[in-house]
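Visitor: What follows is a single structure, and I will ask about it in a moment.
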Amino acid sequence: MKTPNQRTASFGPYTLDLRSGELRKFGTKVKMGEQAFQILRVLLEASGELVTREELRSKLWPDDTFVDFDHGLNSAVQRLRDCLTDSAEKPRWIETVPRRGYRFVGQVEWTEESRSQDTVPGMAPGAEPVEVAAGSETHGTGGNWGRRSALAVVVASALILVGFLTVHEIRKAQATKRAHLIRSLAVLPLDNFSGDSSQEYFADGMTDEVITMLAKNPALRVISRTSVMQYKGVHRPLPEIAKELGVDGILEGSVGRSGSRVHMTAQLIHAATDTHVWAETFDRDLSDVGTLQNELAEAIARQVGTATSIAERAEKKINPEAHDAYLLGRYYWFAGEYAKSRPFFQKAVDIQPDYAAGWSGLSDAYCANAASGEYAPDAVMPLCEAAAKRAVELDDSLSEAHTSVAANYLFHHWDVMAAERESAKAVALNPNNSQAHELRSNVLVVLHRYDESIQETAKAMELDPFADPAGMVAALLSVRRFDEAIKEARIRIAAQPNLSILHGSLADAYLLKGMEEESEVEFERAVELDGEKERSAELRRAFRAGGMRAALAMRAESLKRAAAHRYVSPLDLAVVSARIRNKEDTLRYLEESYQKHAPFLIFIQQDATFDFVRNEPRYRAIVQKMGLPPA
C-alpha cells in the first residue's frame, strides 16, 4: 500500500505518475481517460485489498451526478483493462470480485516524488530557499554565488533527468534482455473479448492463425494449436504452463470484433520470471486481418531479436464473410467434426475463390474424411488433391497446402518419392508445422530411413506434445523397436493413466513382442477407459473363454457386421485377421485393400503384424504392384 509522499507506482512494464496522471509503458505514454486514471489510482493505493463498487462510486461520481452507475463503472473498468492489456477472465492486474468490486492483484513498487513545484531542484525536502536581493553582492569565497547556484540548479536538474533516463533505460534493457532469451513460444488461447459465447470460434480461429503466422519464423519454436488449446479457460500460473509445454515465452491476449472492425490485445511474457516484456493493441478493419497478424508476428520477431522475412510479401485482402466461414470450418475441423467443417470451407472459397487458406482447409476436410473412415478413400481423395493443388497454385508459400499435397502423394497415389519432395518443402516453409513433421516421418519410414523418421516424430511431438500422446509408441513399433515402444508407453501411462489410446498402444506393443497375457490386460483397460462398458464386459467373457485370440475374433466379427451398413476399411479386417494368424483372411483382405486403395496400406512393410505372411507370393505381389522400395 502507498505511504505518504510516494507519488509514482510501477508494476510490470507500467509506471503511473499520480501527480501528472500519466501512464507509461516502458517509458512510452499510454492514452488513458480521466475515469480510468482515477479507478487505477484508487486500486493501486489499496493494492491487494478489495475496493467496493460503492467506494468507487463515491470517489468518481458525486451524489448529484445523474448517470447509469453500473454501466458507467463497467465501461470505465473495461477501458482501463484495455489500457493495461488485461482481461477479466485471466486478470494479471485487476481482479473482479463478483457483485462486490475490484482488487489490484499485481505487485506494485512505490517511489517518492523526486521534486515538487515548490522545491528548488537539488534542495532537500522541506528546506527553504535563500532569498537574494536583486543587485546585492556577496563577498569572500562566495563572491560568485549567483552563477554557482544557477550552475547547481542546472547540474541538479541534469542529474535528475539522467537518473530518470537511466532507470528507464535499465528497465528497457532488462525487458529486452528477457525478450532475447525467448527462443520458444506458446500462444495461449485468445480470450473472447466480446463476451458473446457464440463468438468463441472467432477467438479460437484467430488463435490458430496467429500461431500459424508466428510459426513461419524459423528462429522461433512455436507450440502448435492442439496443445495450447488444452489451456483454454484454465487459470494457472504462466511459469507452470510454460514448463509443461517446454517454452521460454508465453503470448496471451484477447480478440473481438465489432461491426467491421477487429480489436486485439497481445502481451509477451518471459515465463521464467513471469514478467511482461512487450504489449500492444491492434485495431483493424476485418478485411485487414492478415495485415494485423503479420504486424503482430513482426513485432514479436523484433522483440525476441530474430530476423524474419514475413513482411516481405503483402498480405492479400480477405473478404470478412469468407474469413468467418473459414474460421467456422477450422473450429469444427479441430473438434473432429470433419463432415460439418467441409461446407464452411466450401463457402469460404465460393465467396472468395482466390482464398488459399480456404482451399487448404477444404483439402484437410476431405483428407480427414478418408483417414477417419467416414468415406471410402476413392470418393474423397481426388477432391482432397484438387483442393490442395489449388491452394498451392494460389500461395506456394503455404506449408499446410504442401503438407496436404504430400499426403495425397503418399496415401492416394502411393508415390513415395513425390511425397518426400513435398513433405520436405512443407517443413522448410514452416519448421513449426507439426503436421508437416508428422507426415514427413510417415514418408521416411516407408523409405526405410528409420532414424530420420523417429527424429521427425520427436520434432512433431515437441511442437505439439498433446496432439498424439501415443505418436512415439507407434513410430517405434513401425521400426520394430518393441522394447523401446513398451518403455515409452509405460512412461506416458505413468503421467496420464486414464488415457485409453496409451493403454491400447501398450497392448499392441505387448502383442507384437509376444506377451499375450500383458496385452490382454492393457487391451481390456483401453476398452474400459473408452467408456464402452458393454463391450468391455463382452471382451472379458471372450478373454475368459479363449484368451486374446477369442477377443480378436470377436472384434473381426464386429467389423464384418459393421461393413454391411457403413464403410469399413478392408485393411482393418486384414490387421485383425493377422493378429489371430488367419493367413487366408489376412491375404484376402490385403488384396482387397490394394484393389480399394486403402490409404494406410502404404505401411504394409512396416506393420509387424503382417510379418508372418511376408514371404507369401501374394503378399510380395502386392508390395511389387504398389512400387514400394524393397525392405
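Visitor: What residues qualify as long-range amide H neighbours of S224, i.e. H under 5 Å apart, gap of 5 or more or another chain, H built at 1.01 Å from N?
Guide: Result for S224 returns D464.
Visitor: Calculate the length of the line joining the C-alpha centroid of segment 196-237 to that of segment 578-606, in whole Å.
Guide: If we compute the Cα centre of each part, the gap is 39 Å.
Visitor: What is the packing order of peptides 326-335, 72-81, taking the mean over residues of other C-beta atoms within 10 Å and listing the highest first?
Guide: By packing density, highest mean first, the sequence is 326-335, 72-81.
Visitor: Let me ask another. Order of 407-413, 53-59, 9-15 by packing, highest average Cβ count within 10 Å first?
Guide: Highest-to-lowest ranking by the protection proxy: 407-413, 9-15, 53-59.
Visitor: Another question, if that's okay. For segment 184-312, what is the charge dipole size about the Cα centre, in debye to the nearest 20, if Lys and Arg each add +1 at the Cβ and Asp and Glu each add -1 at the Cβ? Write out the running numbers ahead of the final one.
Guide: Values: 10 positive and 18 negative charges, 48 e Å.
It works out to roughly 240 debye.
Visitor: Still on this structure, please answer the following. What whole-number distance in Å separates the alpha-carbon centres of segment 487-547 and segment 394-413?
Guide: Here the two parts' Cα centres lie 35 Å apart.
Visitor: Given 0.36 nm per residue, what is the gain on full extension from R614 to R561 after removing their alpha carbon distance, in nm?
Guide: Between R614 and R561, full extension yields 16.3 nm more.
Visitor: Right, here's the next one. Near K389, which lysines are there with a Cα under 23 Å away, not counting those fewer than 8 places off in the same chain?
Guide: K216, K316, K317, K340, K347, K425
Visitor: Follow-up question, since we're still on this one. Between R490 and N74, what is 0.36 nm times their sequence separation minus the Cα-Cα distance? Round to one decimal in nm.
Guide: Roughly 144.6 nm would be gained on extension.
Visitor: Taking the Cα centre of segment 6-112 as origin, sum charge times position over the Cβ atoms of Lys and Arg (+1) and Asp and Glu (-1), and report the length of that vector in debye to the nearest 20.
Guide: Here the size comes out at about 340 debye.
Visitor: Under a straight-distance cross-link criterion of Cα-Cα below 17 Å, which lysines are reachable from K25, leaving out those fewer than 8 residues away in the same chain?
Guide: Reachable lysines: K172, K177.
Visitor: For segment 553-570, list residues with backbone N below 13 Å from a point placed 7 Å from the Cα of R588 toward its Cβ?
Guide: Of the residues in segment 553-570, 557, 560 have backbone N under 13 Å from the label point off R588.
Visitor: Got a sec to turn the phi values of segment 49-54 into Karplus ³J(HN,Hα) couplings, 6.51 cos²θ - 1.76 cosθ + 1.60 with θ = phi - 60°, whole Hz, x for Gly and Pro?
Guide: Using θ = phi - 60°, the values come out as 10, 6, 10, 6, 4, 5 Hz.
Visitor: Could you calculate the FRET efficiency of L499 with A46 from 1/(1 + (r/R0)^6), where r is the beta carbon distance between them and R0 is 45 Å, rounded to 0.05? Before the final figure, lay out each step's value.
Guide: On the way: r = 46 Å, r/R0 = 1.02.
Efficiency for this residue pair is about 0.45.
Visitor: If you plug each phi of segment 442-448 into the Karplus form 6.51 cos²θ - 1.76 cosθ + 1.60 with θ = phi - 60°, what whole-Hz ³J(HN,Hα) values come out, in order, with x for Gly and Pro?
Guide: With the stated coefficients, segment 442-448 comes to 5, 5, 5, 5, 5, 7, 6 Hz.
Visitor: Does segment 403-461 classify as rounded, prolate or oblate by the C-alpha gyration tensor (a ≥ b ≥ c root eigenvalues; a/c under 1.5 gives rounded; else a/b over b/c gives prolate, otherwise oblate)?
Guide: Oblate.
Visitor: If the cut-off is a Cα-Cα distance under 18 Å, which aspartates and glutamates reach K232, setting aside same-chain residues fewer than 8 apart in sequence?
Guide: Leaving aside aspartates and glutamates fewer than 8 places away in the same chain, those within reach of K232 are D86, E89, D191, D196, E200, D204, D208, E209, E240, E244, E252, D464.
Where a number appears in this text, it was derived from the coordinates with a stated rule and is not lab data. Worth saying up front: this structure is predicted, and the values here are computed from it rather than measured. For neighbour counting, all protein chains shown are included, and Cβ atoms are generated from backbone atoms with ideal geometry for every residue, glycine included.
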